[in-house]
Each structure stands twice: as structure tokens, then as C-alpha cells.
């Protein structure tokens, strides 16, 4: 089932947005892209052969999840920030409009990067797959070298003096969303937050905020000639710690990835935080049953049980 949060636009509206961004250019082809579960994506081809990608936010609160109020603000700011380091491959932001005057959502146009999604390279030689994992880990390390003086959500105004502050805020937001929907968490939401507060010392060991993409996995990576050509979907960018990244979660601990990242062993405190990051992502997925409308009851129960299996490790 398709996500209900996508902001579908007519071709006429898309041409209107393109005219505002690229005066004098004529759009000759519009293709809706199937990537992503929150925002709508369109690939546009101009009459001179150039291509661009239009990304449009959901109306209102981006599907009504509390943690999704700043997606486009965070994404465009993070992309522009990362663009300054040529070692990190990211599409250029070409035009951004957050006024919501031309359409019901915020939107931006970005550079179209030719290549193949890493997730579609299942038939590639094992050596190539391993090298791409290393490249992915190295990219996460390089992104984490970009620092800030506060923890928080990129370009949202949400800032904290501690890592625990931002983690508590984000987890409490998703727990609150679930509780407002009378969702079955398997344990009381208040108990989750109380335990997170009790574990504050584990998070306080991290004192320097690093840039985190949060969702670097094979479906967000474009590959050209066996090299990472672009990293997509920066909408959940944080000032936090790199261990929050997708491939550090329980399903993604690839040894080649860890080699590229430069860390293969984790301290007891790091392992404790990793458990919390797994709990957090499962809670977020559970919340998508209500904001995206595509998750069946069976899928919800499976995701909840995964969350509870991590909870038992605390």
C-alpha cells in the first residue's frame, strides 16, 4: 500500500513550480519517482536535455508525526552544509521555497545524479558489494567530522547542551504520538521515558555534536562505476553522534562497513546507546502505521516485538 502522506501534484502545478525556479526553461517530461515514504518526488527533463528532481513535502505537519515538522528545513540545510566537502557526495540544492504560497507543501529542486541505486545492485560481484559497504562506512565517518556547538535537529531551532537532551526529546515525541493514537507499545510509554532518563550518564559521555544523516542505507545511495556518486534523503539530519546511523542498528553491522567507518568494537556505554537507538527506530516505524497508513496490524506487531526484544537487553 502506498503512503498516504505524499503530496501528489498535477503536471500543471509541477510546471508552474519549475517556471518559478528556472525561468525560460521548458519542461518536456515529468516522471513520478517511487522512492521515499513521506515526501513526493518527481524527475523533470527540460527541452535542452537537463534533468532535475523536485521534492515536495507533505501538507501541514508532514504526515502529522511530531518529529517530522522540520524535514525539509533540515534536509536542505544539511545538503548545503555537506556540499562544502568534496569528499562527501550529495546533490546540489538548486532552488528552495518554504513559503507554501505556490503549493500546499514546501519544496525544493535538486541536482539529478545519474547512476544506480545501491539497493538494486544485488547481482554485483561480492568484491564490489564489500567495497561499497566500506565506502558507506567512510562516508558516515566523514559526515561525522562536521561539528556543531549544540546537539539537536539541523536547522530547526531545536537545540540542546547534551546528547541525552535531543535523544529524550525525539523518543518522547514518538512515544507521545503513539500514546495519542492509543497504540499498544507492549510497555507503558512512561516507563520507556523513565528508563531513558535513568540512562542519561551513558549519553553524557558524548560531548561533541557531530552531523548525522541518520538514514544512510543502500536505498539512499546512488552508485556510478562502483563508486558512491550521491547520498540522498538528508531530511532527518541531526547534530548528535554517528552511532545513530542506520547501519549501526542491529540489522546492519556489516564488517566491511565498520572497517570503512574505522571502528569495529564498542564500549559498554556505546552498546547501551545502540540499544536505545534500535528502540527509537522501531518506535518510529510503529508510529508510521498512523502517519503513513501503509502498515498492517501484522507488520505493526512484528515491529513492536522487535522493539521489545531490544528493551529486554537494557
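Residue count for the range 157-182 satisfying the condition of being within 14 Å of residue 66 (Cβ to Cβ) and crowded, with 16+ Cβ neighbours inside 10 Å: 12. Where residues in the range 37-70 are at pLDDT below 80 and within 14 Å of the chain's Cα centre (by Cα), which of them is farthest from residue 112 (Cα to Cα)? Looking at the filtered set, the residue picked out is 62.
Just checking: which of the strands (runs of 3 or more DSSP E) contained wholly in the range 65-181 hold 2 or more residues that are farther than 15 Å from residue 232 by Cβ? Lay out the reasoning, then the answer.
On the way: elements: 93-97, 107-111, 151-153.
Hits in the range 65-181: 93-97, 151-153.
The values are calculated or read from the model by the stated rules, or taken from the named source; none is laboratory data. Quantities reported herein were computed from a predicted structural model and do not represent experimental measurements. Cβ sites come from the backbone with ideal geometry, for glycine too, and all protein chains shown count toward neighbours.
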